[in-house]
Amino acid sequence: MARVPLIAGNWKMYRTAADGAALARDLCRRLGSRGGVEVAVFPPFPALAAVGAALAGSAIALGAQDMHWEKEGAFTGAVSAGMLLDVGCRFVILGHSERRQHFGESDGTVQRKVRAALAAGLTPIVCVGETLGERDAGQPLAVVSRQVQAALEGVTGGDLPRLILAYEPVWAIGTGRTATPAQAQEVHAALRRLLGEHGGGSATRILYGGSVKPENALALLGQPDIDGALVGGASLVAEQFAQIVEAVPVA
Ligand code: 13P
């Protein structure tokens, strides 16, 4: 089954509302209506509305970097799926390794968020990935399998096409050190098999993330089980992000 590639820009804790809107307008100018590939950007919460307004009428979609699993409540600092939909989000990144590392995100909280996002009609991008220590110990597949199994608990096979996985080896994030296309493909193929055991898989997109740049995008995106990229640093530079989008091999 054909999977439409997705290039997602995770802006992390960068860009104010005004700066984010300017970056979004720049991306709209550069990317126009390029077919055969989906593009989405993930600004920080306070910039979502302004970036959404700047993207209006374009083919670039809006997403958020995290959410809470409850609809509302006394959860200081948190936002719900409904609030993200209200401000125009279609996607939400869940379980990013920076949330796991710095904010106590666990497999259990990711699981609750995935279910809440799907129930609300948001498309979750569920991030998994091993640390350098775990890779050196020969365990990358065991780690990502555990993370995916947990995230998918309670998710039916029928929901899998609405979910996106992102393989982001922690040692490749922000380090300039990318997984080789073969290393990434090996993990993506294992994730695809795991999705198959869960009753789906062929329609689920699996993105690669970790120091994706214009120079390495083509080789990574050419792998059979790599369906797009989750881009950090390079997504903050319109020219680089546009070059990554243009590197997608369009069928
Ligand atoms: P970098 O592209 O800056 O390595 O970040 C990757 C990432 O964490 C995207 O979510």
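Please treat every number below as a calculation from the coordinates, not as lab data. Note that the coordinates shown come from a computational prediction; the quantities given were computed from them, not determined experimentally. Glycine also receives a Cβ, built like all others from the backbone with ideal geometry; neighbour counts cover every protein chain displayed.
When the alpha carbon gyration tensor of the range 173-251 is reduced to an equivalent ellipsoid, the three semi-axes, largest first, read 23, 13, 11 Å.
Note on ASP107 and ALA189: their simple-model spin labels are 2.5 nm apart, each label 7 Å out from Cα toward Cβ.
The residues packed around TRP69, meaning those with a beta-carbon under 15 Å from its beta-carbon, carry a net charge of -1 if Lys and Arg are +1 and Asp and Glu are -1.
With the convex hull of the Cα atoms taken as the outline of the range 133-207, the averaged projected area works out to 5.1 nm². Here the residues ASP159, ASP136, ASP19, ranked from fewest to most Cβ neighbours within 10 Å of their Cβ, fall in the order ASP136, ASP19, ASP159.
Straight-line reach from LYS12: which lysines fall under 19 Å, measuring Cα to Cα and dropping same-chain residues less than 8 apart? Within the straight-line cut-off, LYS12 pairs with LYS113, LYS213.
Report the FRET efficiency, 1/(1 + (r/R0)^6), for ARG3 and ARG29, where r is their Cβ-Cβ distance and R0 is 30 Å, rounded to 0.05. Result of the calculation: an efficiency of 0.65.
Between ASP19 and ARG177, the simple label model (points 7 Å from Cα in the Cβ direction) yields a spacing of 2.8 nm. Fewest-first ordering of ARG115, ARG3 by other beta carbons within 10 Å of each residue's beta carbon gives ARG3, ARG115.
For the range 77-157, the spread of Cα positions along the three principal axes, ordered from largest to smallest, is 44, 30, 18 Å.
Using a Gaussian network model of the chain in which every pair of alpha carbons under 10 angstrom is joined by a spring, one finds that among TYR167, TYR208, TYR14 the greatest mean-square fluctuation is at TYR14.
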